[in-house]
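Undergrad: Quick one: the structure is below, and I'll ask about it shortly.
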Amino acid sequence: MIRILGLSATLPNYLDVASFLHVNPYIGLFFFDSRFRPVPLGQTFVGIKTINKIQQIHDTEEVCYSKVLEQVKAGHQVMVFVHARNATVRTAMGLIEMAKNHGEISFFQPDQGPDYGQFEKQIQRSRNKQMKEMFPEGFGIHHAGMLRSDRSLMESLFSKGHLKVLVCTATLAWGVNLPAHAVIIKGTQIYDAKRGAFVDLGILDVMQIFGRAGRPQFDKFGEGTIITTHDKLSHYLTLLTQQNPIESQFLSSLADNLNAEIALGTVTNVEEAVKWLSYTYLYVRMRANPLAYGINHKALQMDQGLELYRKELIIESARKLDKAQMIRFEERTGYFASTDLGRTASHFYIRYNTIETFNELFNSQRTEADILSIVSKAEEFDQLKVREEELEELDQMLCNYCELPAAGGAENGYGKVNILLQTYIGRGEVDSFSLISDLSYVAQNAARIVRALFEIALRKRWPAMTYRLLTFCKVIDKRLWGFVHPLRQFSHLSQVVLSRLEEKKLTVDKLKEMRKDEIGHMLHHVNIGLTVKQCAHQIPSVTMEASIQPITRTVLRVRLLVTPDFCWNDQVHGSVGEPWWLWVEDPINDHIYHSEYFLLQKKQVLTGEPQHIVFTIPIFEPLPSQYYIKAVSDRWLGAEAVCIINFQNLILPERHPPHTELLDLQPLPVTALGNLEYESLYKFTHFNPIQTQIFHTLYHTDTNVLLGAPTGSGKTIAAELAMFRVFNKYPSSKVVYIAPLKALVRERIEDWKIRIEEKLGKKVVELTGDVTPDMRAIVQADLIVTTPEKWDGVSRSWQNRSYVQKVAILIIDEIHLLGS
């Protein structure tokens, strides 16, 4: 059993969560309310009465200052929570200015303790100039747009007591455990980018922020203050006293989750999906509070388990997914089938709306600039908004680092994503801190989205697009444009050397052929020649040889030898292997006929041992002039190889009719066996047309036979006819019957134990991984029923096993499964 523990702070409807986690309410459920706080919390609500906006802002500042001053005078530290990143600086600067005007700045300035000097040095190293200005006055700021190092510095300064006031955004309350004696929430309006409007701060945020007030071990009590407009005052009071239950947010991402379940194979039809929904927290809350989810009470009374409503939800999501081609949904039967697109979306966590965008904009003709603009429009980047103060810098980045046109430009969200991504690839300098954090978000997500696009192109079998996207994946991973010199992937080569390599157009192949001193002279740097030559030999490269062999007129088997041709270095290549993608493309029809992923192991590279890859591809008449086999490294730019398959001298097999025509024979009666014992085994009187055709060959000759016929056409009886011939003609010999699966062996044993052992008196023995009889039983057996692996093991030492030498006939059933 897996044991689940749920821990939570602010949960009024803990019973719902308990039933969602299947907790036993009598033994496994514990709930402690605010009386158990180690430090009791005093809560103050301040309402600003004026309606004039400017006056409101002014009053809020005044109240905030007086509350902060009151706490600092008493020797406490304060956290002021605001709701926008730029508001942190504005508020802190405003408070400092007021303190100076009132001549009260001395209360805020930090005490010059013993470790003050070292912190001062650390502050001076930071690039954030506002932070430097505020520190001597005892103020600090903290928000998600700052660098990780600056945020950590602010946290440690505050916890050591060097900062009296920390102005921060709500992210600090959720993500960092930093307590203060007093907490002030300044204003409760927060901008919601999705709605494009201001909304009220959620009560969960308020409780989480208030939870930061009062430091255990230091304080006897903590203080929380909310400053808001007068009309919102009662709203927050009621919310804090009668808490609102936590609702489920699952509906917004139902389609993505349903797709993931279908791709995993855990949900295959509507009925299972409806059951799956009953395991969710959404289901617990829908029954408790139907109105919040658009269900009226009448519907709930009619349908206690909400079966119909759940079914509606599932069908609606399934239709959406079907429209986006992520699943195939057959409404008549209610069955779901996952598609390549849906599986890719699930593996790379791509949202349903993004896939819709891809379906609309993505095709095999897109250029690199188009790919960039498609990626930038992904729903994953929706929360990145253009801020007024960033426009100038974004325009500079557009001029300096963007190699491709950025659709949308700096004033659009998707244009901003595009510029940031290109700046990331070009390793551009970014100054503003909010842009730095947006840049890292874009970089993390773009790599995943482009990988997904690569897989979609590969599944759609578009060769040029697949190649373009794989290159683009590597461009993002390596932060290098595809047109730069491949040796830029080695960080230890200097910029000067790399620039000269590019100027002199010295390709990797040329470098491999040149001597180290030649390279040194070309680069005006004699000693660097050896290093550059080593790097050129470390870029993965392979040589390929293909031999082709037609299996039929339309199927070709290709045997490919891939030989590694580079020097292995653990620091550069790791210790496992180098991953490659391989595909066969038809340049005329612009189509991929086969693709696969393989690893060149370190051992293979060191010994130069080739990788054998065998696959089949279709061919069409009239024969094309050639196909290309392309191998492209999954990680290295400029590491690829091409091999041409030529069809000039290919001789295809004859066109022969694929199956044996049935001769016009009368159905053969069972009496043709000429043996009453055998005849009594069959419930019918005549053999069917196929058995009639092959009866003579099986029962009266010793020739080898391959019988290919659809399921249910009586192949097992054909095998029995061949056995009877052995029983008649070679009574002391053995029959070996091989079935591909243990289950099929069991089935035969159950049948033949009765018909052949009991009725004919022949000894039947089962030989599988589960059942290994002793030697005596095998020696005495007339019929051995076994699996390929087991017979393989037994027959290898045939020289000293007499029973193997006595085998007169080998019957292999379901031979098409052999080797799979």
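Undergrad: Quick query: amide H of Ile812 versus all other amide H atoms, modeled in the peptide plane; which residues come in under 5 Å with a sequence gap of 5 or more or a different chain?
TA: Those lying under 5 Å, H to H, from Ile812 are Ile738.
Undergrad: Output wanted: per-residue J couplings in Hz (rounded whole) for segment 71-80, from phi through Karplus 6.51 cos²θ - 1.76 cosθ + 1.60, θ = phi - 60°, x for Gly and Pro.
TA: Residue by residue, segment 71-80 yields 6, 5, 4, 7, x, 9, 9, 10, 10, 10 Hz.
Undergrad: Sort 364-377, 763-776 for me by packing, meaning the mean count of neighbouring Cβ atoms within 10 Å per residue, highest on top.
TA: Those peptides, ordered most packed to least, come out 364-377, 763-776.
Undergrad: Also: Looking at segment 167-275 only, what percent of DSSP beta bridges run antiparallel? Nearest 5 please.
TA: 40
Undergrad: Okay, next question. With a cut-off of 8 Å between alpha carbons and a minimum separation of six or more residues, what is the relative contact order of segment 350-456 in percent?
TA: For segment 350-456, the relative contact order is 26 percent.
Undergrad: Could I ask something else about it? With an 8 Å Cα cut-off and a minimum separation of 6 or more residues, compute the relative contact order for the chain in percent.
TA: Worked out over the chain, it gives 7 percent.
Undergrad: Let me ask something else about it. In whole percent, what relative contact order does segment 465-549 give with Cα contacts below 8 Å and a gap of six or more residues?
TA: In percent, rounded to a whole number, it is 20.
Undergrad: Further question: Calculate one ³J(HN,Hα) per residue across segment 547-555 by plugging θ = phi - 60° into the Karplus curve 6.51 cos²θ - 1.76 cosθ + 1.60, and present them in order as whole Hz with x for glycine and proline.
TA: Once θ is set to phi - 60°, the couplings for segment 547-555 become 10, 10, 8, x, 9, 9, 5, 10, 10 Hz.
Undergrad: Mind listing the phi-derived Karplus ³J(HN,Hα) values for segment 700-708, rounded to whole Hz, using 6.51, -1.76 and 1.60 with θ = phi - 60°, and x for any glycine or proline?
TA: Values, residue by residue: 10, 10, 10, 6, 6, 9, 10, 10, x Hz.
Undergrad: I would also like to ask the following. Let a ≥ b ≥ c be the square roots of the eigenvalues of the Cα gyration tensor of segment 698-805; is it rounded (a/c under 1.5), or, if not, prolate (a/b larger than b/c) or oblate?
TA: rounded
Undergrad: Packing-wise, with mean Cβ within 10 Å as the measure, how do 246-254, 741-749 rank, highest first?
TA: Ranked from most to least packed, the peptides come out as 741-749, 246-254.
Undergrad: Right, here's the next one. Assuming R0 = 25 Å, can you tell me the calculated FRET efficiency for the pair Lys729 and Leu662, based on Cβ-Cβ distance, to the nearest 0.05?
TA: Here the calculated transfer efficiency is 0.35.
Undergrad: Tell me what the chain gives for mean residue ellipticity at 222 nm when only DSSP H runs of n ≥ 4 count, each as -39,500 (n - 2.57), the sum divided by the residue total, rounded to 500 deg cm²/dmol.
TA: Value at 222 nm, helices only: -12500 deg cm²/dmol.
Undergrad: Among DSSP beta bridges whose residues both lie in the chain, state the antiparallel percentage, nearest 5.
TA: Here the share of antiparallel DSSP bridges comes out near 55 percent.
Undergrad: Okay, next question. What's the ranking of 337-347, 136-146, 550-560, 613-623 by average number of surrounding C-beta atoms within 10 Å, highest first?
TA: Order by mean packing, descending: 136-146, 337-347, 550-560, 613-623.
Undergrad: Excluding Leu163 itself, calculate the net charge of residues whose Cβ lies under 14 Å from the Cβ of Leu163, where each Lys or Arg counts +1 and each Asp or Glu counts -1.
TA: It works out to a net charge of -3.
Undergrad: Are any of the pairs Lys232/Lys298; Lys132/Lys385; Lys53/Lys160; Lys323/Lys474; Lys132/Lys377; Lys474/Lys602 more than 30 Å apart by Cα-Cα distance, and if so, which?
TA: Over 30 Å apart, Cα to Cα: Lys232/Lys298; Lys53/Lys160; Lys323/Lys474; Lys132/Lys377.
Undergrad: Tell me, what is the FRET efficiency for Thr268 and Gln122 to the nearest 0.05, using R0 = 60 angstrom and their Cβ-Cβ distance as r?
TA: Approximately 0.55, to the nearest 0.05.
Undergrad: So how far, in whole Å, is the C-alpha centre of segment 370-432 from the one of segment 283-299?
TA: Centre-to-centre (Cα) distance: 43 Å.
Undergrad: What's the magnitude of the charge dipole for segment 51-96 around its Cα centre, counting Lys and Arg as +1 and Asp and Glu as -1 at the beta-carbon? Answer in Debye, nearest 20.
TA: Around 160 debye, computed over segment 51-96.
Undergrad: In addition: Please compute the net charge surrounding Ser432, taking Lys and Arg as +1 and Asp and Glu as -1 over other residues with Cβ under 15 Å from its Cβ.
TA: Its environment carries a net charge of -4.
Undergrad: Please work out how much length the chain gains when fully extended from Thr507 to Ser152, using 0.36 nm per residue of separation minus the C-alpha to C-alpha distance, in nm with one decimal.
TA: Length gained between Thr507 and Ser152: 123.2 nm.
Undergrad: Continuing with the same structure: The list (i) 122, 86, 50; (ii) 176, 142, 70; (iii) 93, 84, 49 gives values of Cα extents along the principal axes in Å, and only one came from this structure; which label was calculated from it?
TA: (i)
Undergrad: Same structure, new question: Under 10 °C and 1.306 mPa s, how fast does segment 224-369 diffuse according to Stokes-Einstein, given a Kirkwood radius computed over C-alpha pairs? Answer in µm²/s, whole number.
TA: 89
Each reported figure results from applying straightforward, stated rules to the coordinates on display, with no laboratory input. Since the model is a prediction, treat every value here as computed from it, not as a measurement. All Cβ positions, even for glycine, are placed from backbone atoms using ideal geometry, and neighbour counts span all protein chains on display.
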